Amino acid sequence: MANFKGADILSTKTLSKGEILRIMEVANDMLPFARKEKRSNLLEGKILASLFFEPSTRTRLSFETAMNRLGGKVITISGSEGTSMVKGETIEDTAKMVEQYADVIAIRHGQMGAPAIMADNADIPVLSGGDGAGEHPTQGLLDLFTILHEKGRFDAMKITIVGDLKHGRTVHSLSYLLSNYDVELNYVSPKALALPEKVTKFLDERGANYKEMESLEEGLEGADILYMTRVQKERFEDPEEGKRLQDTYVLNREMIERINPNVVVMHPLPRVNEISTDVDDLPTAAYFRQAGNGVAVRMALLALVLGKA
Ligand code: CP
């Protein structure tokens, strides 16, 4: 993928340290445009097809903002209703159609592997915005960018990831990225929501330093980063099981001040109950800054795959 032009971004598993660094550097360069301090027409004449077949606030809007602020244009689908998929059109045929209209695709789909099918059938770059309980590579990259900006480094850190590790696609993509660095990873979840074998196998193959545990307080102790996630009720076969597990972990200000006042708190959002709103005012509550970083990282990815960075 060395120069990224024409590349698909479907997983973080295959990104090398050099490629990750390149994305971080370009995202850093994009910050003044993402923060509305400077204007750019870098992507003038290019069209992004923003195809979101599952609900999204941040990923869709930040992809579209990134394209608009770099002078490009956006065509969008939000939900499969209103598309010919409800008449039975396949992902394969949809891909062959969209490549006629756009220069790059961002896609979110509930079916694991759907962005890869789109990429196999479209002759333009495809960026995954999340596939079921699979991966969310652009979120993983913006999470890494946020860690770099909050702590100034990736290495020599203790990072604790909490919540629905089984269905949490952001957790999977971030874990694959972090396996490139010298970090201590703690995974906190109820047993029923532990990391899937596909992720632990990858971490084992990489020789990653990680532990699995059930206590949030144990994971919070001494952590540099605490990455909270919500229980993804919509992915449970039994909705009652999702409801039962939803409030397993609730982080509040008292816990942080008592156990680890310096910890940087992240969350891919949306949150439900897992971070109390009394945490929001702490200077180390980074989750809204993290969502803001999505624009710069997606600007970088669009520019790179379109051969403009
Ligand atoms: N973090 C994230 O993927 O948020 P959305 O579901 O709102 O896009």
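Structure data summary
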read-out: Residue that is modelled with the lowest pLDDT [pool: residues in segment 210-243 that are exposed (fewer than 15 other Cβ atoms within 10 Å of the Cβ) and of a type in the set (Lys, Arg)]; value: 243
read-out: Residues satisfying the stated conditions in segment 43-67, i.e. of a type outside the set (A, V, I, L, M, F, W, C), more than 14 Å from the ligand (Cβ to nearest atom) and surrounded by 14 or more Cβ atoms within 10 Å (Cβ to Cβ); value: 46
read-out: Which listed residue is touching a His at 6+ places or on another chain (Cβ under 9 Å), at pLDDT 95 or above and in the same structural domain as residue 126 (by TED's automatic domain parsing), from 28, 41; value: 28
read-out: Test: residue in segment 91-98 that is in contact (Cβ under 8 Å) with a residue 40 or more places away in the chain and closer than 20 Å to residue 292 by Cβ; value: no
read-out: Selection count where residues are within 16 Å of the ligand (Cβ to nearest atom) and within 21 Å of residue 144 (Cα to Cα), scope segment 253-273; value: 7
read-out: Residue satisfying condition, being touching a Phe, Trp or Tyr at 6+ places or on another chain (Cβ under 6 Å) and farther than 29 Å from residue 114 by Cα, within set 182, 155; value: 155
read-out: Boolean, residue 16 is among the small types (Gly, Ala, Ser) and touching a helix residue (DSSP H, G or I) at 6+ places or on another chain (Cβ under 9 Å); value: no
read-out: Unmet criterion (only one of (1) surrounded by fewer than 16 Cβ atoms within 10 Å (Cβ to Cβ); (2) more than 16 Å from the ligand (Cβ to nearest atom); (3) at pLDDT 95 or above) for residue 72; value: (1)
read-out: Residue among 287, 249 that alone is among the aromatic types (Phe, Trp, Tyr), within 16 Å of the ligand (Cβ to nearest atom) and buried (at least 16 other Cβ atoms within 10 Å of the Cβ); value: 287
read-out: Tally of residues being more than 16 Å from the chain's Cα centre (by Cα), in contact (Cβ under 8 Å) with a residue 24 or more places away in the chain and either assigned to a loop (DSSP other than H, G, I, E, B) or more than 19 Å from residue 13 (Cα to Cα) (or both) across segment 99-148; value: 11
read-out: Residue count for segment 22-69, restricted to those that are over 25 Å from residue 170 (Cα atoms) and acidic (Asp, Glu); value: 2
read-out: Residues of segment 59-90 satisfying the condition of being assigned to a helix (DSSP H, G or I) and either touching a His at 6+ places or on another chain (Cβ under 7 Å) or free of Cβ contacts under 8 Å to residues at least 24 places away in the same chain (or both); value: 61, 64, 68, 84, 86, 87
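Results for (1) more than 15 Å from the ligand (Cβ to nearest atom); (2) touching a Pro at 6+ places or on another chain (Cβ under 9 Å); (3) closer than 27 Å to residue 247 by Cα, shown as yes or no for each residue.
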position: 105; (1), (2), (3): yes, yes, no
position: 112; (1), (2), (3): yes, no, yes
position: 118; (1), (2), (3): yes, no, no
position: 131; (1), (2), (3): no, yes, yes
position: 141; (1), (2), (3): no, no, no
position: 145; (1), (2), (3): no, no, no
position: 149; (1), (2), (3): yes, no, no
position: 152; (1), (2), (3): yes, no, no
position: 155; (1), (2), (3): yes, no, no
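The values are calculated or read from the model by the stated rules, or taken from the named source; none is laboratory data. Here the structure is a predicted model, which means the values were calculated and not measured. As a convention, Cβ positions derive from the backbone with ideal geometry for all residues, glycine included, and neighbour counts pool all protein chains shown.
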